[in-house]
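J.: Okay, handing you the structure first.
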Amino acid sequence: MASPTFSRALLASAIGATLAVGTSGTAFADNTPTYDGELSGFEYAYPVERFEFSSQGQDMQMAYLDVAPDEGSANGRTVVLMHGKNFCAGTWEGTIEALVETGYRVIAPDQIGFCKSTKPAHYQFSFHQLAANTHALLDELDIENATVMGHSMGGMLATRFALMYPEHTEQLVMVNPIGLEDWKALGVPYQSIDEGYQSELETTAQGIREYQQSTYYADTWAPEYDRWVEMLAGMYEGEDGERVAWNQALTSDMVFTQPVVYELGELEVPALLLIGEQDNTAIGKGRASQDVQATLGRYDVLGEQARDAIPEATLVEFPELGHSPQIQAPARFHEALLEGLAVQ
């Protein structure tokens, strides 16, 4: 099922006449690949399936991966992987391989608004809604209980899922989750969705790469990371770049305004936190004063605070790793992950 048409007229209506639709302002290197709004042509390591459903009066399709272990090796458990804001289901390929080889069935959706799934013109984005969408997918697949594992924004979503559906959640795994602090309460000024959209239109491959190097990989870089830069940059550069930017602006507002930190004490399921301590992610940090910036995104502190707030939590720290330890040091990360899952 194709995504709802996102015409220039509809976009103009959605964001107001003050925005100049049609002038993306993006500037990419000539060799940057381009992709449409559903990331067609960018291949994941596993076959992509589609879940068709209705949400907020609209027809939606959620792309997802459903990868089973070899016959005879299944351990009877399922792990649901929830991607971050600048990531996709396909970015989990190394973790999927490690889990499946150990006997887990893995479900990895692209959430609505991201990657190969529908990017609607109008949608009330909330972590509650995305959790409900994911729960509907699991119902469709007859999965009653699962471990939910989220990275970055996906950590916020996995936490919301565990809060909403504790009876269907065996374990919560949080990989450098954002939302462990309330940025607006700590002094980051609010940015309107219109302003966020204009900022998203200026996204470039170079900007993505520089941000990922400093934040995701603790000022290191490996050639294999370029694939994930091209995945993101290609969607902005492609024919549906405005629609991609609009959905990114909407979901950025969701992330900024819906921190989960206040509800960590209400979790009823065991949690495993896997934290790269060199991470410095804090949404909107650049809009804050320098004094405020210095206090934000301290994952060497935030991981410990989250562990102490959650009734039943185990913390594993990687002192020299950044925001994406599962990509930066996969062998170490997956060893810790599998050990943490085994104790459940």
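The values are calculated or read from the model by the stated rules, or taken from the named source; none is laboratory data. Since the structure is predicted, the reported quantities are computational estimates derived from the model, not experimental observations. Glycine also receives a Cβ, built like all others from the backbone with ideal geometry; neighbour counts cover every protein chain displayed. We work out accessible area using only protein heavy atoms, side chains counted, and drop any ligands, DNA or RNA first. Shrake-Rupley method; radii C 1.70, N 1.55, O 1.52, S 1.80 Å.
J.: Between a first residue in segment 81-104 that is closer than 18 Å to Glu38 by Cα and open to solvent by 10 Å² or more (accessible area, probe 1.4 Å) and a second residue that is modelled with pLDDT under 95 and part of a strand (DSSP E or B), which pairs have beta carbons less than 6 Å apart while being 6 or more apart in sequence or on different chains?
T.: Between residues of segment 81-104 that are closer than 18 Å to Glu38 by Cα and open to solvent by 10 Å² or more (accessible area, probe 1.4 Å) and residues that are modelled with pLDDT under 95 and part of a strand (DSSP E or B), there is no close pair.
J.: While we're here: Among the candidates Val244, Val261, single out the residue that is buried (at least 22 other Cβ atoms within 10 Å of the Cβ), at negative phi and touching a residue at least 60 places away in the same chain (Cβ under 8 Å).
T.: Only one candidate qualifies: Val244.
J.: Please go through (1) over 19 Å from the mean Cα position of the chain (by Cα); (2) farther than 22 Å from Trp92 by Cβ; (3) assigned to a helix (DSSP H, G or I) for Glu200 and return the number of the only condition it doesn't satisfy.
T.: (1)
J.: Ok, one more. Among the candidates Leu186, Leu157, Leu163, single out the residue that is surrounded by fewer than 17 Cβ atoms within 10 Å (Cβ to Cβ), aliphatic (A, V, I, L, M) and in contact with a helix residue (DSSP H, G or I) (Cβ under 8 Å, 6 or more places away or on another chain).
T.: None of the other options fit; the residue is Leu186.
J.: Shifting gears a bit: Among the candidates Gln326, Gln278, single out the residue that is over 27 Å from Leu163 (Cβ atoms), in contact (Cβ under 8 Å) with a residue 60 or more places away in the chain and crowded, with 20+ Cβ neighbours inside 10 Å.
T.: Gln278
J.: Next question. Pull up segment 194-211, narrow it to residues that are without any contact (Cβ under 8 Å) to a residue 24 or more places away in the chain and more than 15 Å from Gln248 (Cβ to Cβ), then point me to the one that is surrounded by the fewest Cβ atoms within 10 Å (Cβ to Cβ).
T.: Per the criteria, the residue is Glu210.
J.: Moving on. Would a scan of segment 59-70 turn up a residue that is surrounded by 11 or more Cβ atoms within 10 Å (Cβ to Cβ), at pLDDT 95 or above and assigned to a loop (DSSP other than H, G, I, E, B)?
T.: Yes; the residues of segment 59-70 include at least one that is surrounded by 11 or more Cβ atoms within 10 Å (Cβ to Cβ), at pLDDT 95 or above and assigned to a loop (DSSP other than H, G, I, E, B).
J.: Could you tell me which residue of segment 88-114 is nearest to Ala329 (Cα to Cα), considering only residues that are of a type in the set (Gly, Ala, Ser) and part of a loop (DSSP other than H, G, I, E, B)?
T.: If we take residues in segment 88-114 being of a type in the set (Gly, Ala, Ser) and part of a loop (DSSP other than H, G, I, E, B), then Gly103 is nearest to Ala329 (Cα to Cα).
J.: Filtering segment 229-241 down to residues that are open to solvent by 20 Å² or more (accessible area, probe 1.4 Å) and part of a helix (DSSP H, G or I), which residue is farthest from Ala309 (Cα to Cα)?
T.: Glu237
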